[in-house]
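The values are calculated or read from the model by the stated rules, or taken from the named source; none is laboratory data. Since the model is a prediction, treat every value here as computed from it, not as a measurement. Every residue, glycine among them, receives a Cβ derived from its backbone with ideal geometry; neighbour counts consider all protein chains shown. These accessible areas exclude ligands, DNA and RNA; they are computed on the full protein's heavy atoms, side chains included. Shrake-Rupley method; radii C 1.70, N 1.55, O 1.52, S 1.80 Å.
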Amino acid sequence: QVQLGESGGGLVQAGGPLRPSCVAFGSISSIVLRGWYRQAPGKQRELVATVTSIGRTNYADSMKSRFTIFRDNAKGNLYLQMNGLKPEDTAVYYCYANTWRSAYWGQGTQVTVSS
């Protein structure tokens, strides 16, 4: 079992940065993939970025130039550095973890970008 908890969302002006974080508890050593997804009002949940247990990253095309995903393996933390935020980045951002058996989601953290 893995439990995830996000923090670090909030309200930011367009063009500004934000760095949400996700802490993992439980069977951290069983995680093979971690990532961030987001869901805007009235839209489907979409991939933001993922990172494998060996550090291989993957980004949504529209975000790869502005967002960076990185981990602190010792602490089990996952971060998403977001720069140059736009109003269309407003969404609930969800932390995600995948083991060989199951997928886990955090409760989400709201990111709101004002114009």
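Filtering the range 1-27 down to residues that are more than 13 Å from Gly108 (Cα to Cα) and touching a Lys or Arg at 6+ places or on another chain (Cβ under 9 Å), which residue is modelled with the lowest pLDDT? Ranking the candidates gives Ala24 first.
When you go through Ser27, Ser53, Ser62 one by one, which is the residue that is of a type in the set (Ser, Thr, Tyr), surrounded by 12 or more Cβ atoms within 10 Å (Cβ to Cβ), free of Cβ contacts under 8 Å to residues at least 40 places away in the same chain and within 20 Å of Gln1 (Cβ to Cβ)? Walk me through it before giving the result.
On the way: Ser27 fails: free of Cβ contacts under 8 Å to residues at least 40 places away in the same chain; Ser62 fails: within 20 Å of Gln1 (Cβ to Cβ).
Answer to the check: Ser53.
For the range 60-115, list the strands (runs of 3 or more DSSP E) that sit wholly inside it and hold at least 1 residues that are at pLDDT below 95, hydrophobic (A, V, I, L, M, F, W, C) and touching a helix residue (DSSP H, G or I) at 6+ places or on another chain (Cβ under 8 Å); which are they? Write out each step before concluding.
Values: elements: 67-72, 77-82, 91-99, 103-105, 109-114.
Output list is empty.
The set of residues in the range 69-97 that are touching a Leu at 6+ places or on another chain (Cβ under 8 Å) and either over 16 Å from Glu6 (Cα atoms) or open to solvent by less than 20 Å² (accessible area, probe 1.4 Å) (or both) comprises Ile69, Met82, Leu85, Tyr93, Cys95, Ala97.
Can you spot a residue in the range 7-20 that is among the hydroxyl-bearing types (Ser, Thr, Tyr) and surrounded by fewer than 16 Cβ atoms within 10 Å (Cβ to Cβ)?
yes
Against the numbered list (1) open to solvent by 30 Å² or more (accessible area, probe 1.4 Å); (2) within 23 Å of Gln3 (Cα to Cα), Arg38 comes up short only at (1).
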